[in-house]
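Comments concern the structure below.
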Amino acid sequence: MRYLFFDIECADGNRAICEFGYVLCDEQFKIIQSKNILINPECEFNLRGRKDQDDLILTYPEEEYYKHSPFDDVYDNIKFLMTQNDLLIFGHIS
C-alpha cells in the first residue's frame with residue numbers, strides 16, 4: 001500500500017486549477033515522489049473576496065502560471081497518478 005497526499009490551488013479560489021501538488025509515500029511514510037505541477041488557469045486570477053480568506057498568497061507570481069500547460073494537457077498524468085490500485089488518497093480541502 002502507498003499513500004498519496006495532494007493539494008490543489010485555484011486561480012479563482014474555486015474552479016480554475018493553477019497548482020496540483022502531491023507527495024507519494026510508502027507504508028513507512030518514506031517519500032517516493034513529490035511534485036508541484038503548475039497549471040495555466042486560462043483565466044484571470046481572482047483570489048479576493050473568499051469568505052475564508054481575504055488575500056490568498058500564491059506560491060509563485062501569477063505570470064509564472066501562464067507559462068505552463070493548461071489543465072487539459074496535464075489531466076492524463078494526474079488521472080494516472082490518482083488511479084493506481086495500491087493507493088490510499090488524502091486530499092486537502094479548505
Report task. Sticking with the crude label model, points 7 Å out along Cα→Cβ, report the distance from ARG15 to CYS43 in nm, one decimal please. Result -> 0.5
Query raised in the report: What is the helix-to-structure angle for 71-82, meaning the angle in degrees between its Cα long axis and the longest Cα principal axis of the chain, kept from 0 to 90 and rounded to the nearest 10?
Result: 30
Query raised in the report: To one decimal place, what orientation-averaged projected area in nm² is obtained for the convex hull of the Cα set of the chain?
Result: 6.4
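Values quoted throughout were computed directly from the atomic coordinates according to the rules given, and no laboratory measurement underlies them. Predicted model only: the values in this text are computed from it and were never measured. Note that we place each Cβ from the backbone using ideal geometry, even for glycine, and neighbour counts take in every protein chain shown.
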